[in-house]
Every structure is written in structure tokens, then in C-alpha cells.
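One structure is given here, and the rest of the page talks about it.
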Amino acid sequence: SKAGARVTRHLTLKAATQASLIHDFEEPATFNGYQPGKVGKSSAKIVTGGADGTGHALALEVKPKLEDNSVLFHPSLPGMVDRVEMMVKGGDRPVALQPWLIDSGYTGIWLRPYNLFAPEPITVDWQGWKKVVIPAPPVPAQFGDKNRYFLFKPWYPLHLPLNAKTAEGDNPVEVRIDDVRVVTHLPDDE
């Protein structure tokens with residue numbers, strides 16, 4: 001395969017060597033830190049009953065003491081992201097939900113072909129639905145100059161994976177996600 005290849009069963013890769021930008025809702029798979037060749041199955045699934053009476057939500061089963069309880073949203077987030085807002089429903093035990101924002105891979109640094117931004121983890125210690133906000137990294141000053149990609153500065157589009165962990169109990173706990181909204185830096189009329 002080569003960069004930008006489309007693979008069967010609706011797995012869409014950004015680059016074959018990175019093995020990870022996945023059409024998650026058609027073919028559930030985990031986010032894996034861009035480790036080549038190690039794309040696994042996700043425990044995330046679509047379930048009935050969402051926030052504010054919507055029909056469906058994304059349920060992420062969190063297995064105790066397991067490092068990879070992850071899901072990767074697809075397609076990429078549109079525009080120059082300011083923040084991501086979503087409704088999250090907690091389970092019967094606390095879960096640490098770690099969001100990441102991963103850029104499109106144009107850094108100009110060949111040993112690290114993408115930038116990963118890790119906002120503060122969200123401790124989901126409530127039951128019922130609650131709105132959470134994930135801040136995006138600031139838009140770089142050089143944005144728009146196609147010849148200036150920098151390490152630790154975002155280049156768009158951004159991608160949103162989430163990983164969840166729980167240290168308590170022996171049985172899985174479920175968190176649900178619904179009504180994901182991307183707020184961009186575009187003016188209102190755009």
C-alpha cells in the first residue's frame with residue numbers, strides 16, 4: 001500500500017505506515033498511537049437513547065486495568081478548531097476520559113510526522129448526561145503559509161480520538177457520548 005490508500009471494509013487510512021485514521025462507525029477499531037500494523041477492534045458501539053432525547057449515542061465499554069479502551073472519531077474535524085463540545089453520560093464508577101487532538105501530519109520533522117495534543121483528562125464521575133468541553137491548541141501565527149509546518153504547532157485537519165480508563169472494580173463500565181459539536185474560528189457567516 002501507499003500513503004492515502006483506501007483499504008477494504010471501510011477502514012480509511014491517512015497513510016499506510018501510520019495505520020490509524022479509521023472510519024470508526026462502520027468498522028469499529030481502536031486508536032493506537034499510530035503504531036504501524038497494530039489496528040485493533042474497538043469496544044465502542046452505537047446504542048439507542050442519547051442526550052436530550054436523541055435516538056442514539058456512542059457507547060464505549062471501559063474494561064478495568066486495560067490500556068486501550070479507545071475510539072477514534074472519523075471523519076476529521078472541520079475547519080480551524082477552537083473547541084469540541086460533547087455530551088457524556090457516566091456509569092456506576094468513575095472513568096478517566098483522555099481526549100487527544102492529532103494534526104494532519106505536516107510538521108516538516110521526519111522523525112515525528114504528526115503532532116499530538118493532549119488536553120486535560122476528563123474525570124467522568126457522574127451519572128446521567130453532562131456537557132464537556134475539549135479545548136483545541138491555538139491556531140499558529142504562520143497558519144496559511146503552506147511552506148511553514150512546525151513541530152508542536154497544529155496543522156489542519158485535526159482528528160479526535162478518546163481513550164478511557166478505570167482502576168476500580170472487576171467488571172467493565174460504560175460511558176456514552178452524544179451530540180459532538182465542533183466550534184471553529186470561522187466567522188458566524190461562514
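Observations on the structure shown:
- Rounded to the nearest whole Hz, the Karplus-based 3J(HN,Hα) values (6.51 cos²θ - 1.76 cosθ + 1.60, θ = phi - 60°) of segment 92-101 follow the sequence 7, 9, x, 9, 8, 9, 9, x, 10, 10, with x at glycine and proline.
- Counted charge near V88, where neighbours are those whose Cβ lies closer than 10 Å (Asp, Glu -1; Lys, Arg +1): +2
- Of the peptides 82-90, 117-125, 47-55, the ranking by mean beta-carbon count within 10 Å, highest at the top, reads 82-90, 117-125, 47-55.
Values in this text are rule-based calculations from the coordinates and carry no lab data. Everything numeric in this text was worked out from a predicted model, so none of it was measured. Quick reminder, even Gly has a Cβ in these numbers, built from the backbone with ideal geometry, and neighbours come from all protein chains shown.
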